[in-house]
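**Q** Dropping a structure here in structure tokens format, bear with me for questions.
The values are calculated or read from the model by the stated rules, or taken from the named source; none is laboratory data. Everything numeric in this text was worked out from a predicted model, so none of it was measured. We place every Cβ from the backbone using ideal geometry, glycine too, and count neighbours over all the protein chains shown.
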Amino acid sequence: MKNWMKSLMLCLFVLPVAAVMMPAIGWAQEGVSSEMFTVNNLWMMVSTFLVFIMHLGFATLEAGLCRSKNTTNILFKNTLIPAIGLLTYAAFGFNLMYPGDFMIGKFFGFAGFGITTDAAGITSSYNVGYTYWTDFLFQGMFAATCATIVSGCVAERVKLSSFLIFSTVFVGLVYPIAGSWKWGAGWLDEMGFYDFAGSTLVHSVGGWGGLAGIILLGPRIGKYVNGKVNPIMGHSMPLCVIGTFLLWLGWFGFNGGSVLSADAGLVSFVLVTTSLAAGAGMIGSMLVSWTVSKKPDLSMILNGTLAGLVGITAGADTVSVMSSVIIGFVAGVLVVFAVMFFDKVKLDDPVGALSVHLVCGVWGTLAVGIFSTNPEHSFMVQLIGVAAYGAFAFATAFATFLVLKVTIGLRVHAGEELRGLDVGEHGMEAYSGFQTFTVV
Amino acid sequence: MKNWMKSLMLCLFVLPVAAVMMPAIGWAQEGVSSEMFTVNNLWMMVSTFLVFIMHLGFATLEAGLCRSKNTTNILFKNTLIPAIGLLTYAAFGFNLMYPGDFMIGKFFGFAGFGITTDAAGITSSYNVGYTYWTDFLFQGMFAATCATIVSGCVAERVKLSSFLIFSTVFVGLVYPIAGSWKWGAGWLDEMGFYDFAGSTLVHSVGGWGGLAGIILLGPRIGKYVNGKVNPIMGHSMPLCVIGTFLLWLGWFGFNGGSVLSADAGLVSFVLVTTSLAAGAGMIGSMLVSWTVSKKPDLSMILNGTLAGLVGITAGADTVSVMSSVIIGFVAGVLVVFAVMFFDKVKLDDPVGALSVHLVCGVWGTLAVGIFSTNPEHSFMVQLIGVAAYGAFAFATAFATFLVLKVTIGLRVHAGEELRGLDVGEHGMEAYSGFQTFTVV
Amino acid sequence: MKNWMKSLMLCLFVLPVAAVMMPAIGWAQEGVSSEMFTVNNLWMMVSTFLVFIMHLGFATLEAGLCRSKNTTNILFKNTLIPAIGLLTYAAFGFNLMYPGDFMIGKFFGFAGFGITTDAAGITSSYNVGYTYWTDFLFQGMFAATCATIVSGCVAERVKLSSFLIFSTVFVGLVYPIAGSWKWGAGWLDEMGFYDFAGSTLVHSVGGWGGLAGIILLGPRIGKYVNGKVNPIMGHSMPLCVIGTFLLWLGWFGFNGGSVLSADAGLVSFVLVTTSLAAGAGMIGSMLVSWTVSKKPDLSMILNGTLAGLVGITAGADTVSVMSSVIIGFVAGVLVVFAVMFFDKVKLDDPVGALSVHLVCGVWGTLAVGIFSTNPEHSFMVQLIGVAAYGAFAFATAFATFLVLKVTIGLRVHAGEELRGLDVGEHGMEAYSGFQTFTVV
């Protein structure tokens, strides 16, 4: 009995030591030390920057693949999208996508307007991987990428005002609601659907939106004449390459950040599968395009790289290294044939965004059902997820574009299209002091 | 008594365990564990990279907003500035800005030539947030941005040699001495002046320097003719957009790094206010320019973005999320009217640097006095700081430019200006193999 | 005795506390806490991104320094190199360079095909600084830079297919085998040869490969006519400046990541020596080129910057701050004279890659023997290393190029060279909608 008392006394001595040390480590209260929380959050902030710079990648790639007479317009749209995206996401998007307890029937929820948090929001009791603020900013940067994909599909003919309204609806409402089904713990999450970083939730959703726009807008003047496809060349390959490299760079944050912590093993593994898929996509598209068109096509290997990246996005953490190479390679092959297919059915997609984001987004999501090392992932469930997102994104985007078409109009006048949207919409050429001529 | 002895014995067992663990955590000796020190320092290094890449942002933005015939010259200046900045900062600037105990009367101090440190300089006893070397490099990258702002104001007509001498003086002497008043713990710091990341210390100081240059140089040939303002268009909008995105990216380090540690809550909050202000500045400038000039102007929304970023820089850590949106929006509105105002008074600022850095730098500093959640911040003290920096920076810059004007000359010959500084100063066109014609 | 029992009991209480805490810190088993491991690995991942973006830097710099008619071709090569590099490195390169126990006679080893690891590979028992996956990806990004250097030397005349085959051999076999001599713990490592981040292992190896290509290819048509050197101007200075800044940025990871952990003191010191050498190289090349050619040459200060970076790479962690400035400055001076020398001996190097990577790579390696603060570094051993790498890299590259020359051919036809490789190899101009004319 006395011994127990002594033990108790010594415990009283030992515990304070532990108590002093524990807050320093943060481990006792939070499940993770304050050091680990800080490094996790640092990784998520770095990932946020990388996703941010994807917007410059999209802007330069899309501008480079289009004609110089529409460059100012493309740059304007792509510059504005992150602003629209972040502001609407702060106003309501974030709380639509992550409604928490406000989720109704696993299909829809809204946690209120604005962003705010209490003291706990900046500790690991909010999340061991990041603060509330980092969470918002990382997810907000993601949201904006979705609208950017549509931008490429409708380029060189869409009215600026209509596109800006569409983007606001798409990034502010469609994307977050759709996103909540999986990442907001909705019905598809419950069903076991898996989409690690958004092959479906971001890329195919953007692609479906773009498809709706392409159908309602019709092709650019001069693209399909008398049953013949006239290729319309981009005006600057350097811009395209800058864009593609920035997108690959950004994908390190897009996929790597989707681990939602700095977990050394998992993040670095994801970076490896992501990079090998990108490389394999490039090689796949090179081999096919070299074989089919006899010449190795630069714009095709750029799209092949992005195809590999989109393809690996759904399963970057859950497939083997060898599978990542296969997934990327297949995506690179698919993208070349998809580009030819869409031209065959006269869907005019100036930058190949449908081929990259829609086709390979679907492929990547289904690939999880084929290659995943996790036996709980099911091809059928993946298919259901693909179909559900396709139906919702296409329908809402189509409806939005349709309303715009019958009200303020969706397309610029033919004269403006021929002259270029830079002068028509902005009264400003993208290049001055270079002698330029327009190519239809 | 015997119990106490036993307790003691056990303590002898317990304490070594703690003693072994504590150095690993580093917490006992330094106030912060070695892990926390390493992650803090890592964040500061990443921030340094981000501020570094702002120099490429300034180079491409300024080049894009000017004419192709002056592109080589602009790129040359902006490439050289980080070299001049870092070398002078290493030689004496760093020790002028942070004189420590050598501060005399809170106005001036100098801790000697060169950079060096002892073993403690690379531990958390130097600073819990970074090593001596990180401190130097982060602050050195900041210093160089100041001269870059002037570069934009005097573009397309300043003599290269004069500008390089001015930059050396400005970045090596004027900026560090001015900086010491606040960040070197000088008189304005003592008075309670607040400038989180440099709306005044960096941006308005650079702007005042540019104003002095503009006054002494006069407008470019052909800009103001018979009371009419002739807009001189930039030659490449893609370069402008690349520049703006890189600057926004860099600002994550400029503001986020000014927390001076990786503090998860504070850094991520600063990133959110910074981003929302950038987005709001873009929207604000778009709405005003669309209303005023009927067409949405791309170069205006780029400057609006930067205006929002400059505006939030002084108070990014101390205003609410909603206030950051207001501050950015107002900055975006201000920049459009400022551009029109400076043209009205015939101050020819080719890239709008006065409107962005001077006007919105002042606005952001005063906004701390209005919106800060810290009751110790005072509008009057903010005003005193703005005035003090304005007087010092303008006077020293004016004097330096004046001495150059009366000695080696400040402006290139009219013939060289018309032909372009690329050929005149460098004997090299920026573009070759493109057919170019000059636009006056 | 009883006391000892009580002590024991209490120890039973104390030890579990320690046992629970230790795994959280990870320190007991691994030599480094899991927090430190995570932050180390995070730094290495960030460094990997920075080295990755160097590929965009090389692509834009090389494209900018060449003519617009060869831009698509240059971009194609430089985009493909990281894909080839990563895939071959995953297939066999990584296991050639780091053969571990499979090293035979310290000259060659191979640990088998493919990349894979066990559970320990993602803990600090693999390495305290990074996981197996991070190790692979960081080293893979390094490997690819080596082939990129050759790309610049052979630009504007090399056949695409031949270059791609050469690159695969060079990056997949030559670089890893050569690398194993030092970084794979081979004979030069045993001898005490020092090359911190690759002045020799990466840059001079790439340079020797390029020299072999230049000799076997001969100069571009029109470059040396009747004993006169005709300068062939690059087509876009903005692309060159973008490239140089991205390369400097990337070097923060190239050198900083070569510390192989996030060690606060050492990494930040390396960043300072790296930056000051870059700045001093720029100033050195500016002073010499301004003196020699009367006009300050932009492309020369860009190469001077890179020269300083290459020069400091071998000793960035082991020379003083002042020495780093001297090393960089000398490199900047050397590069100008080297460019003139190679033209004198009619070795046509379109981008100055020999002057930058070969000459300054050798200089930087020897500079370790002169300036190192570590008395174990010896000038003679450095010289042996330089010679050994030179002999191996030049001989293998020469043999590879020679086999290609006598089989499928190394050089495009004169007609294709005059018309431009963009149309000849790719059937696609880099710029469309700009009126261009070719400059021979």
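**Q** Could you tell me which of the residues A:Gly311, A:Gly328, A:Gly304 is touching a residue at least 40 places away in the same chain (Cβ under 8 Å), within 12 Å of chain C (Cβ to nearest Cβ) and part of a helix (DSSP H, G or I)?
**A** A:Gly328
**Q** Now for a different question. Find the helices (runs of 4 or more DSSP H) located wholly in region A:175-263 whose residues include 1 or more that are of a type in the set (Ser, Thr, Tyr), and list them.
**A** Answer list for region A:175-263: A:175-182, A:237-256.
**Q** Right, something else. Just to check your reading of the model, which residue among C:Ser180, C:Ser162, C:Ser167 is within 18 Å of C:Phe58 (Cα to Cα), touching a helix residue (DSSP H, G or I) at 6+ places or on another chain (Cβ under 7 Å), in contact (Cβ under 8 Å) with a residue 24 or more places away in the chain and of a type in the set (Ser, Thr, Tyr)?
**A** Answer to the check: C:Ser167.
**Q** Residues A:Gly31, A:Gly105, A:Gly26, A:Gly121: which one is at pLDDT 95 or above, more than 25 Å from the chain's Cα centre (by Cα) and surrounded by fewer than 24 Cβ atoms within 10 Å (Cβ to Cβ)?
**A** Selected residue: A:Gly121, the only one of A:Gly31, A:Gly105, A:Gly26, A:Gly121 that is at pLDDT 95 or above, more than 25 Å from the chain's Cα centre (by Cα) and surrounded by fewer than 24 Cβ atoms within 10 Å (Cβ to Cβ).
**Q** Any idea which of C:Thr79, C:Thr116, C:Thr71 is modelled with pLDDT under 95 and within 8 Å of chain A (Cβ to nearest Cβ)?
**A** The match here is C:Thr116.
**Q** Which of the residues spanning region A:362-383 are under 20 Å from the mean Cα position of the chain (by Cα) and touching a residue at least 40 places away in the same chain (Cβ under 8 Å)?
**A** Result: A:Val362, A:Trp363, A:Gly364, A:Thr365, A:Ala367, A:Val368, A:Gln382.
**Q** Among the listed residues A:Gly140, A:Gly152, which satisfies the condition of being under 21 Å from A:Ala353 (Cα atoms) and either in contact with a helix residue (DSSP H, G or I) (Cβ under 6 Å, 6 or more places away or on another chain) or at pLDDT below 95 (or both)?
**A** Every option except A:Gly152 fails the conditions.
**Q** Quick one: would you say C:Phe136 is within 15 Å of C:Leu96 (Cα to Cα) and either touching a Pro at 6+ places or on another chain (Cβ under 7 Å) or assigned to a helix (DSSP H, G or I) (or both)?
**A** yes
**Q** From B:Ser299, B:Ser261, B:Ser293, grab the single residue that is within 15 Å of B:Val356 (Cα to Cα), hydroxyl-bearing (Ser, Thr, Tyr) and more than 7 Å from chain A (Cβ to nearest Cβ).
**A** Selected residue: B:Ser299, the only one of B:Ser299, B:Ser261, B:Ser293 that is within 15 Å of B:Val356 (Cα to Cα), hydroxyl-bearing (Ser, Thr, Tyr) and more than 7 Å from chain A (Cβ to nearest Cβ).
**Q** I need the full set of residues from region C:364-378 which are within 12 Å of C:Asp195 (Cα to Cα) and part of a helix (DSSP H, G or I), in order please.
**A** C:Gly364, C:Thr365, C:Leu366, C:Ala367, C:Val368, C:Gly369
**Q** Looking at (1) out of contact with any Pro (no Cβ under 8 Å at 6 or more places or on another chain); (2) under 30 Å from A:Ile301 (Cβ atoms); (3) within 12 Å of chain B (Cβ to nearest Cβ); (4) not small (Gly, Ala, Ser), find the lone condition where A:Thr145 falls short.
**A** Checking A:Thr145 against (1) out of contact with any Pro (no Cβ under 8 Å at 6 or more places or on another chain); (2) under 30 Å from A:Ile301 (Cβ atoms); (3) within 12 Å of chain B (Cβ to nearest Cβ); (4) not small (Gly, Ala, Ser), the one that fails is (3).
**Q** Hey, C:Val288 hits all of (1) more than 27 Å from C:Gly192 (Cα to Cα); (2) within 12 Å of another protein chain (Cβ to nearest Cβ); (3) not hydroxyl-bearing (Ser, Thr, Tyr) but one; which does it fall short on?
**A** Just one mismatch for C:Val288, condition (2).
**Q** Quick check on this structure: which one of A:Val351, A:Val368 is in contact with a Phe, Trp or Tyr (Cβ under 6 Å, 6 or more places away or on another chain) and away from every other protein chain (no Cβ under 14 Å)?
**A** A:Val368
**Q** Looking only at region A:331-348, decide whether some residue is within 14 Å of another protein chain (Cβ to nearest Cβ), assigned to a helix (DSSP H, G or I) and surrounded by 24 or more Cβ atoms within 10 Å (Cβ to Cβ).
**A** yes
**Q** Under 7 Å between Cβ atoms, at least 6 apart or on separate chains: pull out the pairs that start in region B:235-252 with a residue that is at the interface with chain A (Cβ under 7 Å from one of its Cβ atoms) and buried (at least 24 other Cβ atoms within 10 Å of the Cβ) and end on any residue that is part of a loop (DSSP other than H, G, I, E, B) and aliphatic (A, V, I, L, M).
**A** Close Cβ pairs (under 7 Å, with a partner that is part of a loop (DSSP other than H, G, I, E, B) and aliphatic (A, V, I, L, M)) amount to B:Met237/A:Ala430; B:Pro238/A:Ala430.
**Q** Given the criteria in contact with a helix residue (DSSP H, G or I) (Cβ under 9 Å, 6 or more places away or on another chain), on the phi > 0 side of the Ramachandran plot and crowded, with 24+ Cβ neighbours inside 10 Å, does A:Gly198 qualify?
**A** Taking the combined requirement at face value, the residue satisfies it.
**Q** May I pose another question? Is it the case, given these coordinates, that C:Met428 is exposed (fewer than 15 other Cβ atoms within 10 Å of the Cβ) and either over 20 Å from C:Leu217 (Cβ atoms) or touching a residue at least 40 places away in the same chain (Cβ under 8 Å) (or both)?
**A** no
**Q** Follow-up. Assess whether C:Ala353 counts as being free of Cβ contacts under 8 Å to residues at least 60 places away in the same chain, closer than 18 Å to C:Thr200 by Cβ and crowded, with 23+ Cβ neighbours inside 10 Å.
**A** no
**Q** Moving on. Report, by residue number, each residue of region C:377-419 that is in contact with an Asp or Glu (Cβ under 9 Å, 6 or more places away or on another chain) and within 17 Å of C:Ser162 (Cα to Cα).
**A** C:Arg411, C:Val412, C:Glu416, C:Glu417, listed by residue number.
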